[in-house]
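Since the structure comes first, as structure tokens, the remarks are kept for the end.
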Amino acid sequence: MKKFLTIAAFVLFTITGAQADKVRMGVTLQVGYFEADGASEIFSGAHSSGSSPGTVTKKASSEGDEAKGEFGYGSIFAEIMATDNIGIGVNYVPMALESETTENTQTTTTASATGVNKVQIDFEDLTTIYALFYPVENLYLKAGYMEVEVKTNESLATGGSYGNTTLDGYTVGIGYNYDMDNGAFVRFETSYMDIDGATLINSNDATKKVTAENIEGASAAISIGKTF
């Protein structure tokens, strides 16, 4: 999917660039909040919160783990304005977004033997292709498709790993763009994003899996750039 997104961005920029009215490049600082309503862990065996053997589902909402958090990151972007009102762009986050490390205690072989499972996630290569529409001067609407690589870093007492995956979703937003006389511009934007969830299965035991669903977030951003 990442290769598809890269090719799609290249094709769009090649086709539109031939008829470009303006080219814009810049950097963005974005902060926001996200949550995953359906975050859960499912495995067989005893668990510290339910010592009897059997299938256990550990949900973030019921056992204390917060499937939500704040984020902040910088990104770079490039845009081509085909007309004064319509344009396309691509935004790329060059740094990894790191989650906090979460852990739970699971009984291993006997009721008195326990092990600690730890999981930390890196979100890498967050890329968004988007379209811009200016219904009036300075005010714009934005809609885009986004992809992010999810890499899990785990230490599991019961062995195995959950592997990596790619998530995709969409974003919509509204913003205000102010052009200066020297070609520079500054803009302010607020947006909403919705990312598809995923289920990752333990490589050593198919009865163990982690699931996150309904990943949603909202953010505010400030950008500065240059029009060429």
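The values are calculated or read from the model by the stated rules, or taken from the named source; none is laboratory data. Since this is a predicted model, take the numbers as computed values, not measurements. Here the Cβ positions follow ideal geometry from the backbone for every residue, glycine too, while neighbour counts run over all protein chains shown. Accessible surface areas use protein heavy atoms only, side chains included; no ligands, DNA or RNA. Shrake-Rupley method; radii C 1.70, N 1.55, O 1.52, S 1.80 Å.
For the reader, a short list of remarks on this structure follows.
- The numbered conditions (1) in contact with a strand residue (DSSP E or B) (Cβ under 9 Å, 6 or more places away or on another chain); (2) modelled with pLDDT under 90; (3) farther than 20 Å from PRO94 by Cβ are all true for ALA206 except (1).
- Taken as a whole, the condition of being surrounded by 13 or more Cβ atoms within 10 Å (Cβ to Cβ), in contact (Cβ under 8 Å) with a residue 12 or more places away in the chain, outside any strand (DSSP E or B) and among the hydroxyl-bearing types (Ser, Thr, Tyr) does not apply to TYR170.
- Qualifying positions in the range 95-140 - acidic (Asp, Glu) and at pLDDT below 85: GLU98, GLU100, GLU103, ASP122
- Among residues of the range 187-228, those that are touching a residue at least 24 places away in the same chain (Cβ under 8 Å), open to solvent by 30 Å² or more (accessible area, probe 1.4 Å), over 16 Å from the mean Cα position of the chain (by Cα) and farther than 17 Å from PHE71 by Cα, counted: 12
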